[in-house]
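Worksheet: the structure to be examined is printed underneath.
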Amino acid sequence: MSVRVRFAPSPTGYLHIGSARTALFNWLYARNTGGKFLLRIEDTDLQRSTEASTRSIIEGLEWLGLNYDEEIVFQSDNADKHRSAAARLVEEGCAYRDFTPKEERSDATVKQGIVDRARAAGAEGVNHRANPYRELSKAESDARASAGEPFAIRLKVPEEGQTFFADVVYGEQSRAYAEIEDLVLLRSDGHPLYNLAVVIDDIDMGVTDVIRGQDHLTNTHKQILIYEALGVTPPRFAHLPLILAPNKGKLSKRRHGEVVSLTTYRDRGFVAAAFRNFLALLGWSPEEAEKEIMTLDEMVESFSLEGIHRSNAVFNFNEADPRHWTDDKALWMNAEYIRTMPLEELTPLVKEELRSEKLWREEYEDWERNWFERAVDLIRQRFFTLKDFSAQGRAYFSDDFDFEPAAVKKNLLKEPRLKELLPQLADRLEMVEPWNAETSEQALRAFSDEAGVKAGLLINASRTMLTGQAVGPSMFEVFDIMGRDRSAQRLRSGVPWHEQIENVSERK
RNA sequence: GGGGAUGUAGGCUAACAGGAUAAGCCGCUUGAGUUUCAAUCAAGAGAAUGCGAGUUCGAGUCUCGUCAUCCCUGCCA
């Protein structure tokens, strides 16, 4: 039987990285086995599901390059199937109508309420089969139902026995029936509940392997019970270790916000391939564990459920620190991709970035194409995200760039003579022919000798004059790429001194 | 409270069926660089494998206990 897996997010917010990783693993498994990767939107929670979040989920998958097969399934479209399945289970005596009036709960306190009730129940040892309607005769149940009395449908969990399944990742799992409540299948308003809906849809979609977060590990027993009641053989299950926040707590949209949203990584300059590569290594490692940077093909090729391990992973981030706003290794991997990926794959991404910052010029794809590629190749060496091309890299693409105050102070203002020396250097450079890294270096060094200053002084000053920064590529490479005229012009501009004066006068 | 799962350096992961100084990557420290750098190169620190027992010639690996963390325990998904 060929493999069919599905990714089944609920559209109650953006796609967070844990879900993204689940999607990735499902996709990798499908591609590795030549199976199908299906997408199902679990929108049965009408209160919280939104169309916007469905769109953002699809967008996220697209960005990661996880294309799905067949049509998207919307779980809410299957509500009738769920209801009839529940009705059938009642008919067959595997489920029963519960006429207990519905308990209203405010969403804010549910979690605590559940724990409290569970604790109280646990203390006195509760019997899950004590529901007064469990053994109601079929005739009476039917009569009350047709009289219009509202009811929920609960699964009639057998008194004795245990569920069993062999999880591909976590091994053999079993649980005594006595520990499982008669779970609600259908709400009194007719809405199907999660466990029922998942099972029916997975059967309906022909899902062979359920790959999902470990938070569902214990739910699986309930679902096994539903499969058994339905008389259907359950699929294989493979549960994934969780991705935790730095404090080892659960990663949550509410508490951690944007850093856990997949689209944040797209918007903040991550290369999709890099982030995907990083995500793949969270909870999984290939047989050749030392090989961490992998192409998509290599990843598909080496992916296996056996390589997934069992302990939860911590995803580090610190939004207060601009250099470590997200996981260090993710950032490093992005930088690694930026500086080593084929230039022809990088330039379209840089183009997009420059365009969004209004720095893109059509010439870069025309007669300046060669220059553009050389510039990108030069500056990418020390960039971490695509955003850097428009931030630190701005001076390469526009004459309108800012000077970093610390760089101005350190490399320019500290030596008063520079104000005169730099225009002289510009004169000198203008005479250089031909213009390249070597010739500009010779000219600068000759000039520094004559002027009686260290070459380094002029090198650092030039870097700041030309790029506004204290750091960057080798200065002579920068001269080369900037061109003779533009270099000379910027050396003469005196802008940092003017700005200094402006700043002083503004303060008065 | 009950049930389940997991513990290898600050983080992500290795170590085939128990076998030698516990390996790699990120991060960190130091040095080299054009008196730049978050690039690059070189060197280095950091783990008695949560803790305690047991089995064994030998335990990260097997057994038991213990602690910690996470998950589930809803007419949410």
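Of A:L183, A:L136, which residue is under 42 Å from the mean Cα position of the chain (by Cα), open to solvent by less than 50 Å² (accessible area, probe 1.4 Å) and of a type outside the set (D, E, K, R)? Within the list A:L183, A:L136, the selection yields A:L183. Looking for whichever is of a type in the set (K, R), part of a strand (DSSP E or B), farther than 14 Å from A:Y96 by Cα and open to solvent by 40 Å² or more (accessible area, probe 1.4 Å) here; the options are A:R154, A:R175. Which one fits? Step by step, each of A:R154, A:R175 is checked, and only A:R175 is of a type in the set (K, R), part of a strand (DSSP E or B), farther than 14 Å from A:Y96 by Cα and open to solvent by 40 Å² or more (accessible area, probe 1.4 Å). If you go through segment A:378-407 and keep only what is in a helix (DSSP H, G or I) and either surrounded by fewer than 16 Cβ atoms within 10 Å (Cβ to Cβ) or among the aromatic types (F, W, Y) (or both), you end up with A:Q381, A:R382, A:F389, A:Y396, A:F397, A:P405, A:A406.
A:V314 passes every criterion in (1) of a type in the set (V, I, T); (2) open to solvent by 20 Å² or more (accessible area, probe 1.4 Å); (3) within 23 Å of A:G65 (Cβ to Cβ) apart from (3).
Any residue at all in segment A:408-417 that's part of a helix (DSSP H, G or I), at pLDDT below 95 and β-branched (V, I, T)? Yes, segment A:408-417 contains a residue that is part of a helix (DSSP H, G or I), at pLDDT below 95 and β-branched (V, I, T). Annotation note: of A:T347, A:T385, the sole residue that is modelled with pLDDT of 95 or more and under 15 Å from A:R268 (Cβ atoms) is A:T385.
Quick one: count up the residues across segment A:42-101 that are of a type in the set (A, V, I, L, M), in a helix (DSSP H, G or I) and in contact with a helix residue (DSSP H, G or I) (Cβ under 9 Å, 6 or more places away or on another chain). Of the residues in segment A:42-101, 8 are of a type in the set (A, V, I, L, M), in a helix (DSSP H, G or I) and in contact with a helix residue (DSSP H, G or I) (Cβ under 9 Å, 6 or more places away or on another chain). Scanning segment A:278-305 for residues that are at negative phi, crowded, with 19+ Cβ neighbours inside 10 Å and within 11 Å of RNA strand B (Cβ to nearest atom) turns up A:F278, A:L279, A:A280, A:L281, A:L282, A:W284.
Residues checked against (1) open to solvent by 60 Å² or more (accessible area, probe 1.4 Å); (2) touching a Gly at 6+ places or on another chain (Cβ under 9 Å); (3) closer than 30 Å to A:A145 by Cα; (4) of a type in the set (K, R):
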| site | (1), (2), (3), (4) |
| --- | --- |
| A:T44 | no, no, yes, no |
| A:S53 | no, yes, no, no |
| A:G60 | no, no, no, no |
| A:R88 | yes, no, yes, yes |
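Scan segment A:201-236 for residues that are among the hydrophobic types (A, V, I, L, M, F, W, C) and part of a strand (DSSP E or B) and report the count. Looking only at that region, the number is 2. Counting the residues of segment A:328-377 that are within 19 Å of A:Q392 (Cβ to Cβ), outside any helix (DSSP H, G or I) and open to solvent by less than 70 Å² (accessible area, probe 1.4 Å) gives 3.
Check segment A:7-14 and report whether any residue there is open to solvent by 30 Å² or more (accessible area, probe 1.4 Å) and within 13 Å of RNA strand B (Cβ to nearest atom). Yes, there is a match, as at least one residue in segment A:7-14 is open to solvent by 30 Å² or more (accessible area, probe 1.4 Å) and within 13 Å of RNA strand B (Cβ to nearest atom).
A:F165 passes every criterion in (1) more than 9 Å from RNA strand B (Cβ to nearest atom); (2) open to solvent by 40 Å² or more (accessible area, probe 1.4 Å); (3) under 30 Å from A:T233 (Cβ atoms) apart from (2). For the residues A:K36, A:K81, the requirement of being more than 11 Å from RNA strand B (Cβ to nearest atom), within 20 Å of A:V198 (Cα to Cα) and open to solvent by 90 Å² or more (accessible area, probe 1.4 Å) singles out A:K81. A single entry from A:V350, A:V408 fulfils the requirement of being of a type in the set (V, I, T) and either more than 16 Å from RNA strand B (Cβ to nearest atom) or under 23 Å from the mean Cα position of the chain (by Cα) (or both): A:V350.
Taking each residue of segment A:274-286 that is modelled with pLDDT of 95 or more and looking for partners that are of a type in the set (V, I, T) and part of a loop (DSSP other than H, G, I, E, B) with beta-carbon atoms closer than 7 Å, six or more apart or interchain, yields A:N277/A:I293.
Within segment A:208-219, the only residue that satisfies the criterion of being modelled with pLDDT of 95 or more and more than 25 Å from the chain's Cα centre (by Cα) is A:T208.
The values are calculated or read from the model by the stated rules, or taken from the named source; none is laboratory data. If you're wondering where the values come from, they're calculated on a predicted model, not measured in any experiment. No Cβ is skipped: glycine too gets one built from the backbone with ideal geometry, and neighbour counts run over all protein chains shown. The protein model used for the area step is the full one, side chains on, heavy atoms only, and it has no ligands, DNA or RNA in it. Shrake-Rupley method; radii C 1.70, N 1.55, O 1.52, S 1.80 Å.
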